[in-house]
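Undergrad: Mind having a look at this structure? Questions to follow.
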Amino acid sequence: MSDIPDREAVAQSGGLPQIDPPVANLPTLRILHWGMALWVVVLLVVLAVPALREGDRHWWVWVPVAGLSLGALGHIYLARGRGNAADA
């Protein structure tokens, strides 16, 4: 016999059966810190290589700055106990 409920059982229960998704325990702050560290590396590379910020690429400096800014907002959000509350 299969684990899939028949149509009559689903109709009687009022809809689809309840499915509990697995819990994902992720070290969200650690992942966020690694991401911010990578943005720092990108910023340093863009600042160290002048060809990466000349001409039509003048805006490239602001990409890692925006990444770091969003990472800082994410850190504040997670450090206050939101997001993955078990690990924050």
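The values are calculated or read from the model by the stated rules, or taken from the named source; none is laboratory data. None of the values given here were measured: they were computed from a predicted structure. Neighbour counts run over all protein chains shown; Cβ positions are idealised from the backbone, glycine included.
Undergrad: For ARG53, are the conditions met, namely being modelled with pLDDT under 95, over 20 Å from the mean Cα position of the chain (by Cα) and surrounded by 14 or more Cβ atoms within 10 Å (Cβ to Cβ)?
TA: Spelling it out, ARG53 is indeed modelled with pLDDT under 95, over 20 Å from the mean Cα position of the chain (by Cα) and surrounded by 14 or more Cβ atoms within 10 Å (Cβ to Cβ).
Undergrad: Does ILE19 fit the bill of being modelled with pLDDT of 65 or more, under 17 Å from the mean Cα position of the chain (by Cα), on the phi < 0 side of the Ramachandran plot and among the aliphatic types (A, V, I, L, M)?
TA: No.
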